[in-house]
Amino acid sequence: QQLNDYKLWLKYEQITDSKLSASYKDISSKIVVGESTPSLLNAKEELALALPQMLGTDIEFLSAIDKGNALIVDVYQNLPVDLKSAVSKEMMDVKGDGFVLKSVKLTNKKVTVITAKTDLGVLYGTFRFLHLMQSQHLLDDLKVVDNPKLDIRMLNHWDNLDRSVERGYAGFSLWNWQKLPEYVDQRYIDYARANASVGINATALTNVNANALILTPMYLEKVKALADIFRSYGIKVYLTARFSAPMEIGGLETADPLNAQVQQWWKDKVKEIYAIVPDFGGFLVKANSEGQPGPQNYGRNHVDGANMMAEAVKPFGGNVIWRAFVYSEHDDTDRAKQAYDEFLPYDGNFMDNVLVQVKNGPIDFQPREPFHPMFGAMKKTPLIMEFQITQEYLGFSTHLVYLPKLFEEVLDADTFQKGEGSTVAKVIDGSLYGNKLTGMAGVSNIGTDINWTGHPFAQANWYGFGRLAWDPYLSANTIAEEWLRATYSNEEEFVDPIKEMMLDSREAIVNYMNPLGLHHIFDTGHHYGPGPWVDNLGRPDWNPVYYHKADSLGVGFDRTPSGSNATEQYASEIAVQYNDPKTIPQEYLLWFHHLPWDYKLENGEILWDAIALKYQEGVDQVTQMIKTWDRMKPYLSENEYKEVSMLLEIQLKEAKWWRDACLLYFQTFSNRPLPTGVERPT
Ligand code: GCW
């Protein structure tokens, strides 16, 4: 069972439906895999692993199609002429590493073709083909064309060199720096397989709170070993660059980006890296944020810093991904406004190999935030989305929370910046403003735990992130179904209710942690449990009281023109709607408004009662999740059932903890009784 957990969504379990299995055997027991490039060899190995397991039969690899039916797996240019013409129409729609899966009838036989322009595309197509089989789709009449909609589909590991993981809840870092470069852990390969199976094509190995040592020769040799493994799976390695590295490891006296020696140091360093890792992706940089060094230390700005590095990687085709997660203790502007204020003036000034990486919301990965106002507003700079897959503010790897629901909400949000329909997805896929470079990054939730992600359902968040990075228009619903079928079972009686459970889980945690737009009321440092009372931290903008502003009159952060006026950073359509508590979507109410405890909501409830009822609703939703899971026992092994069941019990206990702690605290201001229906704290 443990080993099964390890296999993620690549379990390749036996197909028990005999009709289906017979048809799959018919299609795929004779296989021709083309020219042996490393990526095509990976495809071949995956087929050799998966098909015998799923079909309970041996498969045969041939060097060319002979009499019977066959599966042919090759790049388009190497296909035999008749197959080429059979897929040429579909191939016209293929872009980049996209692929075609097609059933083709030739005289007396049927050929199923997996093809693409690139060998990596063929590998992606192979994974998709195997997924369709594992999730029991009919494959007799295949016709699939699928293209990645974003260029850079990347994981960000916040992994330190001592193998601790910042905000990691699934064990230690996968990267065993001590045994690298010689020791190649099978996990590195399985990590690459899992990523390639959903199209993830980049990984930043190290924490954005960076250690300059990663750029020294000793570590670069180790990085090379990882890059060498990942290459044939299409995964490019990026590193985090500490801005002060020229001083720390280069012996210079400054890291001023306008200093010629500093510029030369970065150029030399980059040359050294590319000599070792020729397809190095580039740098990911957190600068002048939360105490990290940056260009502002020298009176320079983000453009100076980013362009200096971009200049160095440019000749090698590398990128600089510059994070916009900035807010300063010396600035008493509403924290939610600072990144926009700091970056908007530079729109158009970054080099064309710089992407600015923006978190989905303006504060920090809360259970719910409005979309970040930089999306849509920053028109000339490619913005790369940063989601957090690891659940820093969402119950670590203890609570079951299906994040694609959150991701989807952000991607579908309309910025109105170029009229109605200017969704965040269109901003990041470049279609709104025609940006050349596009991407999505996810802060990894992966670690050394046997099941990789701590909570078995957290695997769905890794999977779902990858799918959305490939296609930001996919629905959370579709993704949940795909993941469940590949991970647990194809039984409708299991898939349907558990899918519902997953889809509801995100709203549940919003309800029991941060309902109605409340945010950042977590206890200090760890961000796990409630701490709305905390008001003694060194930085005021780290104190929960800064965010909820509860007093005897009411609660919430006034971000309308009478308050911080953060709404002015959004398109006027949104500003107008959000400025009025009557028209703002209720889920953002207290994010933008400070309202009296007896403020009447549309449904007639007063605010205090509505808050209390939401907390209760969250608890009730977890109770419901437990009931649903209990009914699923027949479809699960003992261990599968138990591990999630135990975790859900903790989740319920802690949902109540959140409810009781927050309500008791806020009640000291509201001075009102709990409404009927809300359980009294015991
Ligand atoms: O969410 C906050 C985290 C920090 C993190 C920072 C960031 C890597 O609490 O741990 O640092 O964001 O995104 O830079």
Can you list the HN-Hα couplings for the range 448-458, worked out from phi with the Karplus curve (6.51, -1.76, 1.60; θ = phi - 60°), rounded to whole Hz and with x for Gly and Pro?
-> 6, 3, 4, 8, 6, 10, x, 8, x, 6, 6
When the charge dipole of the chain is computed with +1 at the Cβ of Lys and Arg and -1 at the Cβ of Asp and Glu, the Cα pointing farthest to the positive end, of L142, P80, Y191, is that of P80
Under a 5 Å amide H to amide H cut-off, with H placed in plane at 1.01 Å, what residues pair with V354 once short-range neighbours are removed?
-> V320
May I ask you to compute the full-extension gain from S328 to S562, defined as 0.36 nm times their residue separation minus their alpha-carbon distance, rounded to one decimal in nm?
-> 82.0 nm
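Note the full-extension length gain between K653 and T668 as 0.36 nm times their separation in residues minus their Cα-Cα distance, in nm to one decimal. Walk me through the numbers on the way to the answer.
On the way: separation 15, 0.36 × 15 = 5.40 nm, distance 2.30 nm.
That works out to 3.1 nm of additional length.
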Straight distance only, please: which lysines reach the Cα of K224 with their own Cα at less than 25 Å, same-chain residues fewer than 8 apart left out?
-> K44, K179, K236, K267, K269, K271, K286, K314
Scoring only Lys, Arg, Asp and Glu (+1, +1, -1, -1) among other residues with Cβ under 11 Å from the Cβ of H594 yields 0
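Hey, with R₀ at 60 Å, roughly what FRET efficiency would E573 and T254 work out to, going by the Cβ-Cβ distance, to 0.05?
Details: r = 46 Å, r/R0 = 0.77.
Between E573 and T254 the formula returns 0.85.
Counting Lys and Arg as +1 and Asp and Glu as -1, each charge on the Cβ, what is the dipole of the chain about the Cα centre in debye, to the nearest 20? Working shown, then result.
Values: 65 positive and 89 negative charges, 287 e Å.
That gives the chain a dipole magnitude of about 1380 debye.
How would you rank 556-566, 241-251, 453-463, highest first, on the average number of other Cβ atoms within 10 Å across their residues? Each step should come with its number before you reach the end.
Numbers: 556-566: 19.2, 241-251: 20.7, 453-463: 25.6.
In descending order of packing, they fall as 453-463, 241-251, 556-566.
Stokes-Einstein diffusion coefficient for the range 230-377 at 37 °C in a medium of 0.692 mPa s, Rh from the Kirkwood formula over Cα pairs: what value in µm²/s?
Working: Rh = 16.2 Å.
Translational diffusion coefficient: 203 µm²/s.
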For E166 paired with K418, estimate the spin-label separation in nm (one decimal), with each label point 7 Å from Cα along the Cα-to-Cβ line.
-> 3.4
Expected vector for the range 502-514, Karplus 3J(HN,Hα) from phi with 6.51, -1.76, 1.60 and θ = phi - 60°, integer Hz, x for Gly and Pro, equals 4, 5, 7, 5, 5, 5, 4, 5, 4, 5, 8, 10, 9
K271 to N477: extension gain in nm, 0.36 nm per residue of separation minus the Cα-Cα distance?
-> 69.6 nm
Net +/- balance of residues flanking K436 in space, Cβ distance below 13 Å, scoring K and R +1, D and E -1 | -2
State to the nearest 20 debye the size of the charge dipole of the range 7-146 about its Cα centre, where the only charges are +1 on K and R beta carbons and -1 on D and E beta carbons.
-> 260
Descending semi-axes in whole angstrom, ellipsoid equivalent of the range 473-626, from the Cα gyration tensor = 32, 19, 17
Candidate aspartates and glutamates for bridging to K418, where Cα separation is under 17 Å - those fewer than 8 sequence places away on the same chain excluded | D347, D429, E568, E573
Dipole size in debye (nearest 20) for the range 152-487 around its Cα centre, Lys and Arg Cβ +1, Asp and Glu Cβ -1?
-> 740
For the chain, using Cα atoms only, the Rg and Dmax in Å read 25.9, 83
With all pairs of different alpha carbon atoms counted, what Kirkwood hydrodynamic radius in Å does the range 7-146 show?
-> 14.8
Backbone HN-Hα couplings from phi across the range 396-404 [Karplus 6.51/-1.76/1.60, Hz, Gly and Pro as x] = 6, 9, 9, 8, 7, 9, 8, 6, x
Y238 long-range amide H proximity, modeled H, under 5 Å | T203, A204, L205, G281
Near the amide H of Q388, under 5 Å away, which other amide H atoms are found, from residues 5 or more places off or on another chain, if H is placed in the peptide plane?
-> V443
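Using only DSSP helix segments of four residues or longer, with each worth -39500 (n - 2.57), what per-residue ellipticity at 222 nm results for the chain after dividing by its residue count and rounding to 500?
Working: 21 runs with 266 residues, N = 682.
The per-residue figure over the chain is -12500 deg cm²/dmol.
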Across bins of 10 angstrom width beginning at 0, how are the C-alpha pair distances of the range 152-487 distributed, in whole percent?
-> 6, 27, 36, 25, 6, 0
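Read-outs throughout are calculated quantities, based only on the coordinates presented, and are distinct from any laboratory measurement. It should be emphasised that the depicted structure is a prediction, and the values quoted were computed from it without experimental measurement. Cβ coordinates were reconstructed from backbone atoms using ideal geometry, including for glycine residues, and neighbour counts include every protein chain displayed.
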